[in-house]
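Trainee: First, the structure itself, so that you have it in front of you.
The values are calculated or read from the model by the stated rules, or taken from the named source; none is laboratory data. Keep in mind the model is a prediction, meaning the values are calculated, not measured. Neighbour counts run over all protein chains shown; Cβ positions are idealised from the backbone, glycine included. Just so you know, the surface numbers come from the protein's heavy atoms only, side chains and all, with ligands and any DNA or RNA stripped out. Shrake-Rupley method; radii C 1.70, N 1.55, O 1.52, S 1.80 Å.
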Amino acid sequence: MSRVSELLCDGARRVARAFGHFAEHDSSSVRRPADELSRYARTIEGKDDQIAKTIDRMGNKADRELGRIEPDGRSRTAGPDLSSVPGVDELLRVTTLDNRRLREQLSGLEQQYGPYRLRLTDAAYFGPTGSGAGPAVSGFRFNGEIIDGAGKRVGRLERHIYTEHGRTVAFNAHMRLEQPARGKGFSSAFTAAINDYYRRSGVDRIKIFAVQDGSVAWARAGFDFDRDPEKLARAVSSIKERAAAIYPDCSPADRKQLNEIMRRFKGANSRYPTASELIELTGDDPELGVNLMKGTSWHGVRMLSA
């Protein structure tokens, strides 16, 4: 295969990854492949005009998709309006653990998100944090079923919202769709809507625990490693184990990349690579970063406040 053909193949793979990332509302992951494809087109210009034009068209397509994303990374194709749902501060400012009332107040979440609808199955406060002065509760959770147009359940989700060190935190405890229901737009629509609700409510950050395929998806969605020392240590240990597992099958050049990135975990944690950096690793294996992160487990966080 000629060098020009290799560039074309590599460019096509990068565009495919870019639009996968776009579905997770990660604007930076779209911009990088678009910029790289434009550079490739300039590099081979005059050598093979037809291929150069093909790659340039792919870059322009990525740029058009980038234009559909807000500066903070949110898709302009927003989910449903959740303005009828009381803010988190109001829901936590209660004096009794009235779970039925909480369920009623959260009923505005029962809307259509892409092709599927959310139906709440349970909502409950947890706490209290203590007796006497102070808030009556420390947080609440809600569970829901994801249903199709025929009323059949195609997935489930669970979210926890609570206060931690004076800040409001949302924890994505669980979301799973049946295989045929994946990739249809529910996750992106629900995430766009609930994140807007979190911002309106003054939620400081979103936390997750990534495992299996979620380790790749959450990294692409802009989550980084939780810097709590114990949680960070477990994440680093998991990534190192995975690096050791894939190392024998890597090319010499890719092994060198893995060695360099793993060395950064030995210094101050301010130098640690981010989850986004790891997922974007590419080399002789264009999916080097994906293969590294796949199967790892780590606690992640995404900041919503400035």
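Trainee: Starting from 0.36 nm per residue, how many nanometres of slack lie between Arg227 and Val211 once their C-alpha separation is accounted for?
Mentor: Working it through step by step, the gained length comes to 4.0 nm.
Trainee: Out of the trypsin sites (Lys or Arg not before Pro) in segment 136-202, which ones are loop residues according to DSSP with at most 16 other C-beta atoms within 10 Å?
Mentor: Numbers: sites: Arg141, Lys152, Arg153, Arg156, Arg159, Arg167, Arg176, Arg182, Lys184, Arg199, Arg200; in loops: Lys152, Arg182, Lys184.
Loop-located and lightly packed - Lys152, Arg182, Lys184.
Trainee: Apply the Karplus curve 6.51 cos²θ - 1.76 cosθ + 1.60, θ = phi - 60°, to the phi angles in segment 290-302 and return the couplings in whole Hz, x for Gly and Pro.
Mentor: Per residue, the Karplus-derived 3J(HN,Hα) values read 5, 5, 5, 7, 4, x, 7, 10, 7, 7, x, 9, 10 Hz.
Trainee: Still on this structure, I have one more. Which value in Å is the Kirkwood Rh of segment 102-245 over different Cα pairs?
Mentor: Mean inverse Cα-Cα distance, inverted, gives 17.0 Å.
Trainee: Evaluate Rg over Rh across segment 244-306, taking Cα atoms for both radii and Kirkwood's formula for Rh.
Mentor: My calculation puts Rg/Rh at 1.01.
Trainee: In addition: Let me test this: with uniform point scatterers at the alpha carbons of segment 170-272, what is the Debye-based log₁₀ I(q)/I(0) at q = 0.25 1/Å?
Mentor: Those come out to -1.41, one per q.
Trainee: Separate question: Could you calculate the contour length gain from His165 to Ala268, that is, 0.36 nm times the residue separation minus the distance between their Cα atoms, to one decimal place in nm?
Mentor: Extra length available between His165 and Ala268 comes to 34.6 nm.
Trainee: Quick one: accessible area per residue over segment 80-207, 1.4 Å probe, rounded to a whole number of Å²?
Mentor: Numbers: 6350 Å² over 128 residues.
Result: 50 Å² per residue.
Trainee: How far apart, in nanometres, would the label points at Gln179 and Arg93 be if each is projected 7 angstrom from Cα along the Cα-to-Cβ direction?
Mentor: Simple spin-label model gives 4.9 nm for this pair.
Trainee: What are the ³J(HN,Hα) values, in whole Hz, obtained from phi via the Karplus relation 6.51 cos²θ - 1.76 cosθ + 1.60 with θ = phi - 60°, for each residue of segment 90-101 in sequence order, with x given for Gly and Pro?
Mentor: 5, 5, 8, 8, 10, 10, 9, 8, 8, 5, 5, 5
Trainee: With every protein chain left in place, what is the accessible area per residue of segment 236-306 in square angstrom, probe 1.4 Å? Intermediate results must be reported in sequence, preceding the final value.
Mentor: Details: 3520 Å² over 71 residues.
Here the per-residue accessible area is 50 Å².
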